[in-house]
1. For residues that are touching a strand residue (DSSP E or B) at 6+ places or on another chain (Cβ under 9 Å) and surrounded by 24 or more Cβ atoms within 10 Å (Cβ to Cβ), tally how many sit in segment 350-366.
2. Would you mind stating whether Glu141 is without any contact (Cβ under 8 Å) to a residue 24 or more places away in the chain, assigned to a helix (DSSP H, G or I) and charged (D, E, K, R)?
3. Would you check if Ile217 is within 21 Å of Glu114 (Cβ to Cβ) and either among the β-branched types (Val, Ile, Thr) or over 20 Å from the mean Cα position of the chain (by Cα) (or both)?
4. Can you find, within segment 326-349, the residue that is nearest to Ser75 (Cα to Cα) among those that are surrounded by 17 or more Cβ atoms within 10 Å (Cβ to Cβ) and without any contact (Cβ under 8 Å) to a residue 40 or more places away in the chain?
5. Residues Glu420, Glu404, Glu456, Glu448: which one is in contact with a Lys or Arg (Cβ under 9 Å, 6 or more places away or on another chain) and modelled with pLDDT of 95 or more?
6. So if I check each of Ile155, Ile99, Ile123, Ile165, which one is farther than 30 Å from Ile186 by Cα, crowded, with 21+ Cβ neighbours inside 10 Å and among the β-branched types (Val, Ile, Thr)?
7. Please list, ordered by residue number, the strands (runs of 3 or more DSSP E) wholly in segment 374-454 having 3 or more residues that are among the hydrophobic types (A, V, I, L, M, F, W, C).
8. Does at least one position in segment 290-299 carry a residue that is buried (at least 19 other Cβ atoms within 10 Å of the Cβ), in a loop (DSSP other than H, G, I, E, B) and in contact with a helix residue (DSSP H, G or I) (Cβ under 9 Å, 6 or more places away or on another chain)?
Amino acid sequence: MAPDPLTRKPKGLTTFWGRARRLFWSWWVWALLYLWATATDRWGWAAGAGAMAFISYLITPSEYPPRYGLDHELSVDDAEFLPTMAGATGVPFRPGNRIDVLNNGDAFYPAMLEAVNCAEESITIEAYIYWAGDVGRQFAEALAAKAASGVRVKILLDAVGSTSIGEEILETLERGRCQLAWYNPIRYYSLGRFNHRTHRKSLIVDGRIAFTGGAGIADHWKGNARNPGEWRDMQIRIEGPAVAPLQTGFAQNWLQTTGELISGPLFYPLLEPAGQLSAQTIMSSPEIGVSTVRIMYYLSIICARRSIYIASPYFLPDAAAIDALVEAKSRGVDVRIMVAGVHNDNWLARQNSIRLFGPLLRAGIDILEYNRTMLHHKTMVVDSRWATIGTTNFDNRSFAHNEENNVCCCEHAFARSLHEMFEADIEACERVELAAWKRRGLWQRTQEVFAAFLEEQT
């Protein structure tokens with residue numbers, strides 16, 4: 001009989017500092033301190049401890065990584081891989097798709113606007129970022145014109161990520177009779193969910209054509225990643241049955257936000273085959289207590305035999321992911337990880353990422369910092385055969401707190417194209433050396449210690 005996975009050593013044993021950090025953010029510890037302080041009339045301590053208990057309770061993740069079953073027993077080339085991936089995530093593969101990769105804003109914004117302008121029945125958008133600026137104004141005018149012509153336009157924006165959308169854009173959308181709703185606004189009655197954001201980026205036209213990837217709607221995605229003012233990112237354009245789950249994800253969050261059920265052929269047309277690709281569209285949500293996209297990433301890593309290329313702006317692997325990557329390297333897999341470098345827009349993520357480089361570098365894994373501009377796309381290619389692209393960063397916030405989506409394919413040509421794009425980006429990277437990492441100064445290490453207390457929130 002096959003060995004029981006629970007009899008094997010688990011991945012990701014928590015370190016002393018990891019246990020200390022979890023204890024620090026355990027709400028019950030602060031609740032006990034609050035009770036002690038109130039019983040002894042220490043009202044200042046009681047107020048502080050009560051506030052910390054409340055905050056700790058609100059930010060506690062509802063999802064945690066797997067620790068058992070992360071053993072290398074099959075590869076992405078095996079016939080069992082796709083049924084295993086579909087079974088473990090609960091997401092089937094849908095044949096008959098066409099997927100085009102669009103590099104940087106000069107490629108994807110014109111394609112997205114063209115699709116909007118050609119819409120005949122419906123347009124739905126779910127986005128974490130929609131900001132004021134030229135790009136936001138162009139989209140608002142195009143969407144408003146379509147809505148005014150009778151096309152159903154529904155826009156769902158994250159209430160935190162899109163706060164800087166600006167009155168001009170809101171007025172334009174309102175004049176055009178677009179429907180706009182805010183996902184999970186912070187209210188006293190919903191504080192328990194304030195940390196749950198939609199990080200998805202989807203544009204779906206007539207229920208037939210979809211765009212998704214790393215980019216929101218904002219000016220810093222314009223251009224072709226030539227300088228720090230033009231972010232490096234990717235979107236994909238999808239036609240075929242793989243579009244339907246993106247529309248479903250939008251519809252479910254729209255229903256939760258507005259109470260409106262979206263139905264009918266305007267949004268759910270019969271989708272005919274549009275290409276040769278079989279694709280898996282993963283909609284991940286912490287609401288169900290399990291991150292399907294985390295399962296996809298981890299299963300892909302443990303099934304690698306030749307290469308793992310990961311690009312993620314915010315790379316904060318937990319202990320289980322570090323163990324899986326180190327183990328992959330030890331069995332001869334070429335593991336390369338590309339992260340946002342000096343232009344990283346998230347200080348906490350940057351400091352925590354640097355802090356976690358150590359075990360990966362010691363294992364011989366290549367860590368590449370992209371320094372031409374802010375790297376923002378999220379891709380992984382395994383053995384030049386299995387590939388995923390989407391909205392999910394390789395961090396706990398994406399896995400445990402955010403609504404996310406990724407599209408996956410197991411096809412040589414598609415995976416090879418992303419593999420080659422990764423290799424082309426290496427010329428804008430600086431390789432992190434173990435010796436240099438060990439020589440980090442006191443100030444850098446101090447920042448990392450402070451950032452470590454918020455690792456699970458970044």
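The values are calculated or read from the model by the stated rules, or taken from the named source; none is laboratory data. Treat the numbers as computed from the prediction; the structure is a model and nothing was measured. Using ideal geometry, Cβ is built from the backbone for each residue, glycine included, and neighbour counts are taken over all protein chains shown.
1. 2
2. no
3. So Ile217 fits the description; yes.
4. Val333
5. Glu404
6. Only one candidate qualifies: Ile99.
7. Correct list: 379-382, 386-390, 402-410.
8. yes
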